[in-house]
Amino acid sequence: GATRIVTREDLCSSQDFAGFYPIPAGVAVRVFKSYQIRNPSPRSYEVDYLISPALGGAEDIRNLWPQPYGSQPWNAVRKDCVETRLHTEVCAGHITLKQAQDAIRFNWTSAYLRYYENPEPGKKCTPRTN
């Protein structure tokens, strides 16, 4: 995951973090090719940022990957939950921006389990209560 130079204040003082960061179709084709995915079914994947722009992720092909929608329990929906939570944690000062980036970069499923209950297929992200 490639990152850009940005501060916590930059990310937390703007509402842009909640925005949609579209991936151009030509770039998406290159991402699928780099992962050796040929003719992906529509709605099977979302080409997305490994480290989201809301966490300082760069708009760079090295920071893009094909996130599956249908895999269970780890899919694009679960990753979106953890991205949002990590952004909240950074802005609250509970973790550093680097810690959030590393959590996504090295093992986003572990980061998910830190903040959410063990995922069940078909259920929404359920925040931990403890």
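The values are calculated or read from the model by the stated rules, or taken from the named source; none is laboratory data. If you're wondering where the values come from, they're calculated on a predicted model, not measured in any experiment. In this analysis, Cβ positions are derived from the backbone assuming ideal geometry, glycine residues included, and neighbour counts consider all displayed protein chains. Ligands, DNA and RNA are excluded from the accessible area calculation, which covers all protein heavy atoms including side chains. Shrake-Rupley method; radii C 1.70, N 1.55, O 1.52, S 1.80 Å.
What the table shows:
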{"item": "Set of lysines near K98 by C-alpha distance (under 28 Å), chain-local residues within fewer than 8 positions excluded", "result": "K79, K124"}
{"item": "Value at 222 nm in deg cm²/dmol, rounded to 500, when DSSP H runs of n ≥ 4 in the chain each add -39,500 (n - 2.57)", "result": "-12000 deg cm²/dmol"}
{"item": "Qualifying GluC sites (Glu not before Pro) in the stretch 1-82, DSSP loop, other Cβ atoms within 10 Å at most 15", "result": "E59"}
{"item": "Peptides ranked, highest mean first, by Cβ atoms within 10 Å: ranges 47-53, 76-82", "result": "47-53, 76-82"}
{"item": "Residue of R43, R85, R30 that the Gaussian network model of the chain assigns the largest fluctuation, springs spanning Cα pairs under 10 Å", "result": "R43"}
{"item": "11 Å beta-carbon shell around A111, net charge (K/R +1, D/E -1)", "result": "+2"}
{"item": "Candidates A58, A28, A100: whichever shows maximal mean-square fluctuation once the chain is modelled as a Gaussian network with Cα springs under 10 Å", "result": "A28"}
{"item": "Top of P66, P119, P24 by mean-square fluctuation, Gaussian network on the chain, Cα under 10 Å", "result": "P24"}
{"item": "Summed residue charge, Cβ within 9 Å of A76's Cβ, Lys/Arg positive, Asp/Glu negative", "result": "-1"}
{"item": "Relative contact order computed over the chain (Cα-Cα under 8 Å; 6+ residues apart), in percent", "result": "25 percent"}
{"item": "Residue-level accessible surface for W74, protein heavy atoms, 1.4 Å, Å²", "result": "70 Å²"}
